[in-house]
Amino acid sequence: MPLLTCKQFMDELSDYLDEKTDAEIRKKLEQHINECPNCWVICDTTKKTIQIYKGMDPFPMPPDVHSRLMFALEQKMARNKP
Amino acid sequence: MSSPIDIDEEAAVVAQARLGDATAFSELLRRYEGKIFRLAMHITQNREDAEDVLQETFLKAYEHLDQFQGQSKFYTWIVRIAVNQALMKLRKRKSDRSVSLDDTIDTGEDTVAREIAGWDENPEQQYSREELSRILGGAVEDLAPIYRAVFVLRDIDELSTEETADALGLSIPAVKSRLLRARLQLRDKLTRFFKRKGDDAFAYM
């Protein structure tokens with residue numbers, strides 16, 4: 001089985017991390033990272049990047065923003081009443 | 001995973017709202033206002049603009065609810081409105097430069113890793129919640145708006161590639177290439193904070 005180039009590996013990286021690649025490509029990708037330390041690091045740290053962001057909510061909805069949204073909507077609804 | 005949405009149950013709420021049921025529309029608002037606000041904050045990076053986007057999105061959705069076809073999720077429909085509103089805000093602020101989801105800036109150069117260094121096992125634990133939030137937020141802020149929208153929808157809201165394409169009016173390959181670039185650029189930025197101290201790329205080989 002011919003080795004993938006780093007460029008080919010990078011093109012498949014997102015699908016690989018999302019577990020969307022078929023078994024044959026997956027095998028080739030794993031073979032590549034076993035032999036290419038740079039791509040191994042990029043793969044590992046990109047995976048960690050995704051994991052760190054998954055759990056975060058840096059912009060929780062402030063209560064006053066909610067109140068003003070409800071107020072704007074109620075006004076609009078009142079205007080639209082027949 | 002975001003809380004599972006019962007499509008049939010939601011379709012019923014939307015149908016009620018379309019009949020003019022204010023309570024049903026408020027229910028939809030309650031479900032999605034937080035996500036829309038977060039998306040608007042990520043794209044505009046400005047609280048005042050994000051609040052405007054949030055209001056404009058739900059007021060427009062209310063006004064045009066009869067145009068919602070029900071073939072997609074309600075959320076992807078309002079995301080589309082919100083992203084358009086948010087990009088309009090950005091265009092107004094940077095009037096000299098157009099901002100579009102379709103900007104072609106695919107030179108490939110921006111995905112080239114500048115620094116290849118391994119990270120600690122749980123690198124985020126070296127930082128307090130506030131510091132971590134600032135680091136992660138700052139890295140997203142540095143992304144181009146087109147990448148921010150795709151990244152937030154795919155990796156924070158956990159929409160599928162198809163749903164993200166639908167919400168943003170992009171093709172599936174366009175979503176995939178933007179997501180890859182966003183992820184790699186964020187990885188590159190975070191490496192500055194999370195790399196193993198005193199390590200080089202091959203120290204663990």
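The values are calculated or read from the model by the stated rules, or taken from the named source; none is laboratory data. Because the structure is predicted, anything quoted here is derived from the model rather than measured. Methodologically, a virtual Cβ is constructed for each residue, glycine included, from the backbone with ideal geometry; neighbour enumeration extends over all protein chains shown. Side chains included, ligands, DNA and RNA excluded: accessible areas come from the protein's heavy atoms. Shrake-Rupley method; radii C 1.70, N 1.55, O 1.52, S 1.80 Å.
The table below lists the values:
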| item | result |
| --- | --- |
| Other protein chain Cβ atoms within 10 Å, averaged over every residue that makes up A:31-42 | 3 |
| Accessible area buried at the B-A interface, both sides summed, 1.4 Å probe (Å², nearest 100) | 4100 Å² |
| Pairs of alpha carbons in the stretch A:4-65 whose separation is greater than 12 Å (percent) | 71 percent |
| Above-threshold pairs, the threshold being 18 Å between Cα atoms, out of A:Lys48/B:Lys189; A:Lys7/A:Lys54; A:Lys47/B:Lys73; B:Lys60/B:Lys89; A:Lys7/A:Lys27 | A:Lys7/A:Lys54; A:Lys47/B:Lys73 |
| Cα convex hull volume per residue for the protein assembly as shown (Å³) | 146 Å³ |
| Shielding by other protein chains, B:173-180, mean Cβ within 10 Å | 3 |
| Overall Cα dimensions of the stretch B:1-81 - principal axes, largest extent first, Å | 35, 30, 21 |
| Shielding by partners, peptide A:65-75 (average Cβ within 10 angstrom, other chains) | 5 |
| Largest to smallest accessible area among B:Glu48, B:Glu162, B:Glu124 [probe 1.4 Å] | B:Glu48, B:Glu162, B:Glu124 |
| FRET efficiency, 1/(1 + (r/R0)^6) with R0 22 Å, evaluated for A:Lys47 and B:Gln125 via beta carbons | 0.85 |
| For B:Lys176, solvent-accessible area (1.4 Å; no DNA, RNA or ligand), Å² | 80 Å² |
| Calculated P(r) tail over 15 Å for the stretch B:137-181, as whole % of Cα pairs | 31 percent |
| Estimated [θ] at 222 nm from DSSP helical runs (n ≥ 4, -39500 (n - 2.57)) normalised by residues in chain A, nearest 500 | -24500 deg cm²/dmol |
| Net charge of Cβ neighbours under 11 Å - reference B:Val13; Lys, Arg +1; Asp, Glu -1 | -3 |
| Where B:Ser26, A:Ser67 fall by accessible area, highest first, once all protein chains stay in place (1.4 Å) | A:Ser67, B:Ser26 |
| Added length on full extension, which subtracts the Cα-Cα distance from 0.36 nm per residue, B:Arg80 to B:Arg30 | 16.2 nm |
